[in-house]
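*Asks:* The structure under discussion is supplied below as structure tokens; questions concerning it will follow.
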Amino acid sequence: MAAMRARHKIRAPRRGFSHAKTDDFDSIWEVLSVSLNEINTKNASSLSFEELYRHAYKIVLMMRGDDLYEKVTELEQSWLQTNVQKLITESISASLLRAQSSTDAQDQSSERREAGEKFLAALKDAWEDHQLCMGMVTDVMMYMVRQLTKNSDESSCSHLVQDRMIITAHSKPSIYVTCMALFRDSILRSSVRPESSLTITDMLKSTILFMISLERSGHMIERPLIRHCIQMLEGLYETSTEEESSKLYLTIFEPAFLEASKEFYQAEGQRLLQIGDATTFCRVATQRVAEERERCRYTLAVVSEPKVLDLLDEHLIRSNIEEVVNLAESGVRHMLDHDQLEGLQNVYLLNARVDRKKEALTNVLNKRIVEMGKEINKSSIVLPQAAAAAPSSEKDGKGEKRTEKGKDKEKPQNQQTVSAIRWVDDILALKTKFDGVWEKAFGSDQGLQSSIGASFSNFINMNSRSSEYLSLFFDENLKKGIKGKTENEVDVLLDNGIMMLRYIKDKDLFESYYKKHLSRRLLMKRSASMDAERQMISKMKMEVGNQFTQRIESMFKDMTVSEDLTANYKEHVARNGDPDQKPVDLEINVLTSTMWPMELMTNAKDGAVQLPCIYPKEIDILKSSFERFYLDKHSGRKLSWQASMGTADLRATFVRSTGKTQRYELNVSTYAMVILLLFNEIPDGEFLTYDAIKERSRIPDHDLTRNLQSLAVAPKTRVLKKDPMSKDVKPTDKFSFNHDFHSPFVKVRIGVVSGSANKVENQDQRKDTEKKMNDERGGSIEAALVRIMKQRKTLTHSQLMTETLSQLSARFVPDVNMIKRRIESLIDREYLERVGEEPPTYGYVA
């Protein structure tokens, strides 16, 4: 560091000095040399700098500037070698010399540290004294320095500038630079002992590295002392041109420091791995980063900070991070399972230092998410299976006991529905957990967010019923789950469901289930809030597009139109009068057949023709009245009545054996209404067989069985008697009106067994759904193929496959073999043609 140079106002000497005799050089130099020695011994208080300046000026005017330059250099070199070098070497103790060859730093750390501090202090003092003294010497030689600089600027050739030219312009370094170089050569490059090849520089380097090693081991060191010595190395250069890259710090110390750091962090990594604790590794590694940054900024040099941190990243973090995150008892999996957010944050920050993609962390994170997701998938299957396998608590018998057993056997089906909803709840809880980890530990990293989402999508789509389960989740919550919730809570609930929909690949299958479940909610009036229903549709439209929700929105439109239609029909009846003496209040829903899941409304299978239900006379009259009203307004349309989705309210009178009567209002399905009204047509006490009821009503077997079970088997709603009493309904069973029916409520709702609620499909229903979905997908694939070929005209097989997969992937993942079959079908029907074999190429047939 350059010393502060005092600025003295010195008057220029008279011109007469230029005529001084050259013989005066020796006498003047004698005076100057004595004074310079006084400066070196820090005894300059009695000196006159003006007088010394004049002496130097005289010599310059004698044209002996070169001689003066050499004399000063020789004097300072002699001083350094004779006095300063001795002080430095004397500060180096024998123990410090012995320590150079020892590798056991800890055993001799205290003694070596004290000896090292003594040596560093001596070197620091010598350097600072030298800087101060050379600053004074430079001031004395100011005129000589000025002439040197002037000549260096004006020319690179030797020439005279009047009579003041004293130094030829071969660009000698300034006296200050030369004297600094003397310290480098005479002190730092000198041997610590006459017989030793070890230099002061070697001792300085090893001592500082030892101090750094101590600090890395947790010991306190004299940082300011080291900092002064480092500044000395930063202030000295290999050459007199003083280029930045030639600083002794960069050429001598930094390479050794970096090599020592490399060895340290290689060993540190192995030491931490042997401990086998990921939290400890991450904590120590994070601490090391902070320590190295602080060390370079306040003890060494800032220029070394990125270099040593690169070494730390490479040999401590990058080399070990994968093994650390996979440690069985403390790695990322353990941290995730025990919500150790701080540890996860440290892992993230360390991994991010060495890998922009953070692959080590990402791989373990993804693997754990999928593992936890598989457990959720497994539990959704195991739980209902366990319920199905559990033995009934009651033995076979008659009457109530047999009925209760039948009820127990229905539990697995209900349990599957509960399990399906729990599956969604568990996934949402898992997503909430990892969202918290992502936000608090991973700094909301967008790359990790995508990776987490992909992992959720992975295991969600491993469950072949994911679309059905998610639709059941919405169904449950839109029926009763939103009751008592605020608008914000409802919004969060729907958003969570939409988030899961985002992960499901077969969105067309979800749409199919959602329409089924929605149709029941709308037609059975089970929705807790129509606003929430419409809000849900709006969110789905934003997520998957207008095409996805088009049919669903049409279902809501039909319901709105039906409300107006019902009101208009009632006005029509009121205006024209009703010929029926006992008018029936009618609420009608007219549904567009192409927009609703009509498979729910008919039980005809395998293409069989299903005959229409035979309604009671009063209902048939009402039906005909509405048809006339509707078709008058909409000529050309055809109404097809779907009794399977309707309900009816009946007033039933039960005559007890005591002669007392009891009236109830029964809410039943339309089919149940038809069945019950048949008993008005037979004498009291008579019965109807299953076959007779079927013949008189034409109710499909499946619906007839379920409705008879609800009316005659379910314990709390036995308005009919069954003979013989059993859970199963057989063609020979007899049914009669049960006048002994009793209920604590006047209004009694009789639900259809396994029919009125949305539940998980059984295997047969699942197969039917898959078959219909494959048929629909086949149509979608063909439409996409024709659309692409019509636009492109000619494509190779691979190009056509790629574009088709791309277009359809938003709704479902097409099966490659199905696409191939559809291409062949289009070729057979002459929509496409083959135009080449190598490679296979198709053309569009206009």
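*Asks:* Does region 480-497 hold any residues that are buried (at least 17 other Cβ atoms within 10 Å of the Cβ) and of a type in the set (A, V, I, L, M), and which are they?
*Replies:* Those that are buried (at least 17 other Cβ atoms within 10 Å of the Cβ) and of a type in the set (A, V, I, L, M): Ile482, Val490, Leu493, Leu494.
*Asks:* Out of (1) closer than 30 Å to Ser245 by Cβ; (2) assigned to a helix (DSSP H, G or I); (3) not basic (Lys, Arg), what's the single condition that is false for Leu300?
*Replies:* (2)
*Asks:* How many of the residues in region 243-269 are closer than 19 Å to Glu323 by Cα, surrounded by fewer than 15 Cβ atoms within 10 Å (Cβ to Cβ) and in contact (Cβ under 8 Å) with a residue 24 or more places away in the chain?
*Replies:* Of the residues in region 243-269, 0 are closer than 19 Å to Glu323 by Cα, surrounded by fewer than 15 Cβ atoms within 10 Å (Cβ to Cβ) and in contact (Cβ under 8 Å) with a residue 24 or more places away in the chain.
*Asks:* Mind counting the residues in region 503-535 that are within 27 Å of Asn463 (Cα to Cα) and touching a Gly at 6+ places or on another chain (Cβ under 8 Å)?
*Replies:* Here is the first cut: in region 503-535, the ones within 27 Å of Asn463 (Cα to Cα) are 503-521, 533.
Of the ones still in play, those that are also touching a Gly at 6+ places or on another chain (Cβ under 8 Å) are 503.
Adding up the residues that qualify gives 1.
*Asks:* Let me ask something else about it. Could you give every pair whose Cβ atoms fall below 7 Å, whose first residue belongs to region 297-314 and is within 23 Å of Gln266 (Cβ to Cβ), and whose second residue is small (Gly, Ala, Ser) and modelled with pLDDT of 95 or more, counting only separations of at least 6 or pairs across chains?
*Replies:* Once the first residue is within 23 Å of Gln266 (Cβ to Cβ) and sits in region 297-314, its partners that are small (Gly, Ala, Ser) and modelled with pLDDT of 95 or more give Val308/Ser261; Leu311/Ser261.
*Asks:* Right, something else. Against the definition (among the hydrophobic types (A, V, I, L, M, F, W, C) and either crowded, with 18+ Cβ neighbours inside 10 Å or touching a Cys at 6+ places or on another chain (Cβ under 9 Å) (or both)), how does Ile819 come out, yes or no?
*Replies:* Yes: the conditions hold for Ile819.
*Asks:* Residue check: is Leu300 in the same structural domain as Lys124 (by TED's automatic domain parsing) and either under 25 Å from Phe183 (Cβ atoms) or in contact with a strand residue (DSSP E or B) (Cβ under 7 Å, 6 or more places away or on another chain) (or both)?
*Replies:* So Leu300 fails the test.
*Asks:* Among the residues of region 196-243, which ones are in a helix (DSSP H, G or I), farther than 24 Å from Leu182 by Cβ and of a type outside the set (A, V, I, L, M, F, W, C)?
*Replies:* Ser213, Glu215, Arg216, Arg223, Pro224, listed by residue number.
*Asks:* Still on this structure, please answer the following. Take Glu359 and decide whether it is in contact with a Ser or Thr (Cβ under 9 Å, 6 or more places away or on another chain), of a type in the set (Asp, Glu) and surrounded by fewer than 17 Cβ atoms within 10 Å (Cβ to Cβ).
*Replies:* Values: in contact with a Ser or Thr (Cβ under 9 Å, 6 or more places away or on another chain): no; of a type in the set (Asp, Glu): yes; surrounded by fewer than 17 Cβ atoms within 10 Å (Cβ to Cβ): yes.
Taking the combined requirement at face value, the residue does not satisfy it.
Yes or no, residue by residue, for (1) buried (at least 20 other Cβ atoms within 10 Å of the Cβ); (2) within 56 Å of the chain's Cα centre (by Cα); (3) over 22 Å from Thr647 (Cα atoms):
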| residue | (1), (2), (3) |
| --- | --- |
| Glu695 | no, no, no |
| Asp703 | yes, yes, no |
| Met725 | no, no, yes |
| Phe735 | yes, no, no |
| Arg749 | no, yes, no |
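*Asks:* Could you tell me whether region 218-232 includes any residue that is over 24 Å from Glu114 (Cα atoms), touching a residue at least 60 places away in the same chain (Cβ under 8 Å), in contact with a helix residue (DSSP H, G or I) (Cβ under 8 Å, 6 or more places away or on another chain) and in the same structural domain as Ser110 (by TED's automatic domain parsing)?
*Replies:* Scanning region 218-232, I find no residue that is over 24 Å from Glu114 (Cα atoms), touching a residue at least 60 places away in the same chain (Cβ under 8 Å), in contact with a helix residue (DSSP H, G or I) (Cβ under 8 Å, 6 or more places away or on another chain) and in the same structural domain as Ser110 (by TED's automatic domain parsing), so the answer is no.
*Asks:* In the list Thr89, Thr41, which residue meets the criterion of being among the hydroxyl-bearing types (Ser, Thr, Tyr) and loosely packed, with under 14 Cβ neighbours inside 10 Å?
*Replies:* Values: Thr89 fails: loosely packed, with under 14 Cβ neighbours inside 10 Å.
Going through Thr89, Thr41 in turn, just one is among the hydroxyl-bearing types (Ser, Thr, Tyr) and loosely packed, with under 14 Cβ neighbours inside 10 Å: Thr41.
*Asks:* Do you know which residues across region 303-330 are among the acidic types (Asp, Glu) and not in a loop (DSSP other than H, G, I, E, B)?
*Replies:* Glu305, Asp310, Asp313, Glu314, Glu322, Glu323
*Asks:* Looking only at region 338-348, how many residues end up being over 12 Å from Lys440 (Cα atoms) and in contact (Cβ under 8 Å) with a residue 40 or more places away in the chain?
*Replies:* Within region 338-348, the subset over 12 Å from Lys440 (Cα atoms) is 338, 347.
Those left that are additionally in contact (Cβ under 8 Å) with a residue 40 or more places away in the chain: 347.
Residues flagged as over 12 Å from Lys440 (Cα atoms) and in contact (Cβ under 8 Å) with a residue 40 or more places away in the chain within region 338-348 amount to 1.
*Asks:* Contact list please: Cβ distance under 7 Å, first residue in region 552-572 and within 18 Å of Ser519 (Cβ to Cβ), second residue among the hydrophobic types (A, V, I, L, M, F, W, C) and in a helix (DSSP H, G or I), pairs at least six apart or on different chains.
*Replies:* Note: pairs meeting the criteria are Ile552/Leu518; Ile552/Ile537; Glu553/Ile537; Met555/Leu518; Met555/Leu522; Met559/Leu522.
*Asks:* Also: Sort out which residues of region 541-584 are of a type in the set (Asp, Glu) and either modelled with pLDDT of 90 or more or over 19 Å from Asp620 (Cα atoms) (or both), and write them in order of number.
*Replies:* First, pick out the residues of region 541-584 that are of a type in the set (Asp, Glu): 543, 553, 558, 563-564, 571, 578, 580.
Correct list: Glu543, Glu553, Asp558, Glu563, Asp564, Glu571.
*Asks:* Sticking with this structure for a sec: Can you tell me which residues in region 352-361 are within 14 Å of the chain's Cα centre (by Cα) and under 16 Å from Leu312 (Cα atoms)?
*Replies:* Within region 352-361, Ala352 is the sole residue that qualifies.
*Asks:* Same structure, new question: Residue check, Ser196 against (1) loosely packed, with under 15 Cβ neighbours inside 10 Å; (2) under 14 Å from Ala301 (Cβ atoms); (3) of a type in the set (S, T, N, Q), all met but one. Which one?
*Replies:* It is condition (2) that Ser196 fails.
*Asks:* May I pose another question? When you scan region 288-304, do you find a residue that is within 20 Å of Val437 (Cβ to Cβ), among the hydrophobic types (A, V, I, L, M, F, W, C) and modelled with pLDDT of 95 or more, even just one?
*Replies:* Taking every residue of region 288-304 in turn, none turns out to be within 20 Å of Val437 (Cβ to Cβ), among the hydrophobic types (A, V, I, L, M, F, W, C) and modelled with pLDDT of 95 or more.
*Asks:* Suppose we filter Ala386, Ala420 for residues that are touching a helix residue (DSSP H, G or I) at 6+ places or on another chain (Cβ under 6 Å), part of a helix (DSSP H, G or I), under 30 Å from Ala714 (Cβ atoms) and at pLDDT below 95; which single one remains?
*Replies:* Going through Ala386, Ala420 in turn, the sole match is Ala420.
*Asks:* Before we move on, is Pro616 out of contact with any Pro (no Cβ under 7 Å at 6 or more places or on another chain) and exposed (fewer than 14 other Cβ atoms within 10 Å of the Cβ)?
*Replies:* Against the criterion (out of contact with any Pro (no Cβ under 7 Å at 6 or more places or on another chain) and exposed (fewer than 14 other Cβ atoms within 10 Å of the Cβ)), Pro616 does not qualify.
*Asks:* Same structure, new question: Does region 585-605 hold any residues that are buried (at least 16 other Cβ atoms within 10 Å of the Cβ), within 26 Å of Phe510 (Cβ to Cβ) and modelled with pLDDT of 85 or more, and which are they?
*Replies:* Let us first name the residues in region 585-605 that are buried (at least 16 other Cβ atoms within 10 Å of the Cβ), namely 588-589, 591, 595-597, 600-601.
Still in the running and within 26 Å of Phe510 (Cβ to Cβ): 589, 591, 595-597, 600-601.
Answer for region 585-605, where residues must be buried (at least 16 other Cβ atoms within 10 Å of the Cβ), within 26 Å of Phe510 (Cβ to Cβ) and modelled with pLDDT of 85 or more: Asn589, Leu591, Met595, Trp596.
*Asks:* Follow-up question, since we're still on this one. Which of (1) surrounded by 16 or more Cβ atoms within 10 Å (Cβ to Cβ); (2) within 30 Å of Thr362 (Cβ to Cβ); (3) out of contact with any helix residue (DSSP H, G or I) (no Cβ under 6 Å at 6 or more places or on another chain); (4) not hydrophobic (A, V, I, L, M, F, W, C) is the odd one out, the single condition Arg520 does not satisfy?
*Replies:* All conditions are met except number (2).
Table: residues versus (1) outside the structural domain of Val584 (by TED's automatic domain parsing); (2) surrounded by 15 or more Cβ atoms within 10 Å (Cβ to Cβ); (3) closer than 29 Å to Asn589 by Cβ; (4) out of contact with any His (no Cβ under 7 Å at 6 or more places or on another chain).
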site	(1), (2), (3), (4)
Val655	yes, no, no, no
Val668	yes, yes, yes, yes
Leu676	yes, yes, yes, yes
Asn707	yes, yes, yes, yes
Phe741	yes, yes, no, yes
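*Asks:* Checking Leu273 against (1) of a type in the set (A, V, I, L, M, F, W, C); (2) part of a helix (DSSP H, G or I); (3) closer than 27 Å to Ala115 by Cβ, which test does it fail?
*Replies:* (3)
The values are calculated or read from the model by the stated rules, or taken from the named source; none is laboratory data. On a predicted model such as this, the values are computed, not experimentally measured, just so you know. We place every Cβ from the backbone using ideal geometry, glycine too, and count neighbours over all the protein chains shown.
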